[in-house]
Every structure is written in C-alpha cells, then in structure tokens.
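Data block below; observations after.
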C-alpha cells in the first residue's frame, strides 16, 4: 500500500458499473487512486486532463460513445508510452485483440480473477 507518498493513479474505463465499483474498491485497498469512467468519451476526457499523473489505464473494448480502440488511439496520441491493460468479454474482437497484443499491451478476457488484474497492474506500473 502506498503510504507516505502520492498514490499511483489508474484510469479505469468500463460500462459495467458494478464491475467498475468492485475494481475501484480493490485498487483503493491496494493503495491506488482510481479515475472511474463508464464510457469512452468520459475516459478520453479524463485522460486528456490527467494523463501526466496516470500510471496505467484499464480499458474495456466494448463501451458506448467511443470504443476501447478509439480510446487507446486518443490516449496514445497524447502519450505514445501509455501503459494500458485491455479487457473484454466478447470474442468478436479478434482483430482488435491481436492489434492490442502486437502493441505490447496486456489483454485479459472477462471473466478473469481480480488477482490476475492486480498482478498485471503492479507489474506494468513497476516497469
């Protein structure tokens, strides 16, 4: 847990509100501050304001208003070195998943264990 120093900040974008709440609570317990967003436009808006402070983003591929790939493109335009974990429950995003992996991002297919996500977050933030 981050004590005596500024908490690492995570941008979390997923339209499943219960999932966002669960992830936000878990990351808070691990000492992270979370910017929670429920659609792609909101995620990009927050990222544009906070990108210098955000250590990592967790982006769902299937969101309203702007999909995950569009969010990632906008984020990378601001910060080509953005650290991103991509999540999705849908198998019809094969080309997007391949593109995500080719760019070196972590991809987790829902459902996944919360511990797997936390391990990946810690690993990516540390590097």
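What follows draws every value from the coordinates through simple rules; no lab data is involved. Quick caveat, the model's predicted, so the values are computed rather than measured. Backbone-built Cβ (ideal geometry, glycine too); neighbour counts: all protein chains shown.
Worth a mention:
- Here the residues 37, 71, ranked from fewest to most Cβ neighbours within 10 Å of their Cβ, fall in the order 37, 71.
- The separation of region 5-20 from region 93-127, counted between C-alpha centres, amounts to 15 Å.
- Between helix 40-50 and the chain: long-axis angle, C-alpha atoms, 0 to 90°, nearest 10: 40
- Largest first and in whole Å, the equivalent-ellipsoid semi-axes of region 9-126 read 18, 17, 15, each the square root of five times a Cα gyration tensor eigenvalue.
- Helix axis angle, 68-78 relative to the chain longest principal axis, alpha carbon, degrees: 60
- Put in line by how crowded their Cβ is, counting other Cβ atoms within 10 Å and starting with the fewest, 72, 54 read 54, 72.
- The angle between the Cα long axis of helix 17-29 and the longest principal axis of the Cα atoms of the chain comes to about 30 degrees, rounded to the nearest 10.
- Shown for 35, 27: other C-beta atoms within 10 Å of each C-beta, ranked fewest to most, produce the order 35, 27.
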